[in-house]
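**Q** Below you'll find the structure I mean.
Only the coordinates and a few stated rules stand behind these numbers; no lab work does. Just so you know, these numbers come straight off a predicted model, no measurement behind them. Virtual Cβ from ideal backbone geometry, glycine too; neighbours counted across all protein chains shown.
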Amino acid sequence: MDQPKPFVAGRRRASARSWRGFLLSLAMHSLLVVVACWVVFHEPVSPTKQEFTAHAVAGGKSGGPSQTHPITRKPKVLMPQKRLTSKSASATLALPPMKAMTPEMGLAGLSGGQGKGGFGRGQGAFGGNGLGAGLGNRAGFVGRPVMGAFIRAQRVAVYLDCSGSMRSYLPRVEAEIRKQFPDADVFRFDGARVVGLGDVVVFGRRFHGNAPRLREGPTQTALETLTPNGRSVQAKVRVACEKGSLGAWMDRLLAESYDALVVFSDFQDGVRLYESKKGEPKMVYSDSSYHKVGGVQKGHTRWQREWLEAFAKAPSGAGPRLYLYTVQKEPQAFLQACVAASGGASTSVSWLKNGGRKASP
């Protein structure tokens, strides 16, 4: 009689366990599929709208006890946005009436942006408290019309060319400026020369050494018309500007706290550049009406680049704007570049020659 083979029984038991595991796994996966379908396709129940209840407490110092009154507030209901359309060319739209503009509202709008900032706090007699803050930007000046241009500034320094050909215009020009800027510092020096020697402005902030031979003239600035700060500036720049004219004045006032530099001249003197040759200054460029040298200037010297960089800071409030008024010649190309960098203006006032009046811009 043959003996049973143990490995055959082992195979049958293993096969039975495999089928049971397969069926159990299939059942679990089917259950997961059913649950997933229920979650995906089940319609959620909209939450019930809740009413918010607030409690107001009434009481005071009259002696009566305080009482609580429930107040029911309905939740806000969002209204869907609607778009109004019409195919009629003559259709009209009526809007609700708005508050009329008042002068006070206009002044408030104009003054916005001029303050440097503020903060306030107050307390009422019946326990009320108030808190407020204000911000401003010094670059947001409101322009004021002066002889055909808008000057956007609060602290203004003016250079008047007091050479012989310009003196007859100066009283009227100063009066026009003071109509809008009564506290402007008005400086009077001879000519409108801008002279450079190498990398520096002749008689400017960094000038040392031998200067080219230039015409000099005493200042005609009226000290009594200057502000205290203007008198301090005049004391610092007087000697340099009597020798270096407009170039020395602009170079030195770029370091002062003015929002605008205003120049009035006929701009005949122009820009002159010198280089040191064997220890002596030699002219290499001039766009003066009296003596032209070198044709068109190629590139800028170091001091010219510094001026352009300083004026380019004006739109952000970190430098002054430049305004040029001429009665005859258009200002030189370099000065025009400074005007463009600062966001200022160059304006012809040739109508002053005939005693006319320019219409306000």
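**Q** Hand me the trypsin sites (Lys or Arg not before Pro) from the range 170-210 located in a DSSP loop with no more than 12 other Cβ atoms within 10 Å, in residue order please. If you can, show how the numbers build up before the last one.
**A** On the way: sites: Arg172, Arg178, Lys179, Arg188, Arg193, Arg205, Arg206; in loops: Arg193, Arg205, Arg206.
Counting only loop positions with at most 12 other Cβ atoms within 10 Å, the trypsin sites (Lys or Arg not before Pro) in the range 170-210 are Arg206.
**Q** Translational D (Stokes-Einstein, µm²/s) of the range 237-361 at 20 °C and 1.002 mPa s when Rh comes from the Kirkwood sum over C-alpha pairs?
**A** Result for D is 135 µm²/s.
**Q** While we're here: Over the range 181-227, one equal point on each Cα, no solvent: what is log10 I(q)/I(0) by the Debye formula at q = 0.17, 0.19, 0.20, 0.29 Å⁻¹?
**A** Result of the Debye calculation: -0.67, -0.76, -0.80, -1.07.
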